[in-house]
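The values are calculated or read from the model by the stated rules, or taken from the named source; none is laboratory data. Everything numeric in this text was worked out from a predicted model, so none of it was measured. Every residue, glycine among them, receives a Cβ derived from its backbone with ideal geometry; neighbour counts consider all protein chains shown. Heads up: the accessible areas ignore ligands, DNA and RNA and are worked out on the full protein's heavy atoms, side chains in. Shrake-Rupley method; radii C 1.70, N 1.55, O 1.52, S 1.80 Å.
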Amino acid sequence: MKHWQSVSMKKNRFNASKKVFAQFNISYMVVFGSALFLITACNIDKASEDLSPIEAQSTITLDSNIKEAENVKESIKNSYARLASERPDVCPKLIQKGVDSQVIKRTAEVMTSDYCDYFLYPQDGQKISVKVNDRQIETLLIVPILHNFANGDYQVESYDKHVIRLAYDGATYKPENLVYDVAVTVSD
């Protein structure tokens, strides 16, 4: 019987030590988990505040790649517009003021869609006015800001790409090929 009691006591001591060990493990894991959580949270805040040099460089490279792609896209549009200026039925068109003239005249232009855009690069301080021989065509400046030429001339505020849009604004359906004359005056 004594043997049975000693085995039973050993079992009880072993179970008690298991409980203490389990409680110690749980406490240790709570403390360790909390510390790990705080360290991770601090690192996330610090990472969001300032990027590492490698991450900053990759962000700068990405931004410059996006800007370069936009510049290439704009260059392609301008090249297309330059070629389109030689044809009366293709839009958008790049128009340029002559050296000795303030008026850019385009005669027998053909509008095949609902509008036609004209690209122009005036200098700061110049005035732009647009006259069309057809009252069913609305004349607007759409880039860099919206301006209706029916309200008067536009004063150029910066050397930048300006987009003049001639849009059909008639009371009836637009003819398939609307023929018109346009005169864009760029004065100092």
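Measuring nothing but protein heavy atoms, the accessible surface of segment 111-188 at 1.4 Å probe radius is 45 percent carbon and sulfur. The local environment of residue 141, defined by Cβ-Cβ distances under 13 Å, has a net charge of -2 under the rule Lys, Arg +1 and Asp, Glu -1.
Sorted largest first by accessible area at a 1.4 angstrom probe radius, with every protein chain in place, the residues 91, 116 fall in the order 91, 116.
Based on the Cβ-Cβ distance of residue 69 and residue 124, what FRET efficiency does E = 1/(1 + (r/R0)^6) give at R0 = 22 Å, to the nearest 0.05? Efficiency, from the Cβ-Cβ distance: 0.20. Alpha-carbon geometry of segment 102-147: the Rg and the Dmax are 11.8, 33 Å, given in that order. Taking all protein chains together, 134, 169, 181 sort by accessible area into 169, 181, 134, largest first [probe 1.4 Å]. Other residues whose C-beta falls under 12 angstrom from the C-beta of residue 88 contribute a net charge of -1, scoring Lys and Arg +1 and Asp and Glu -1.
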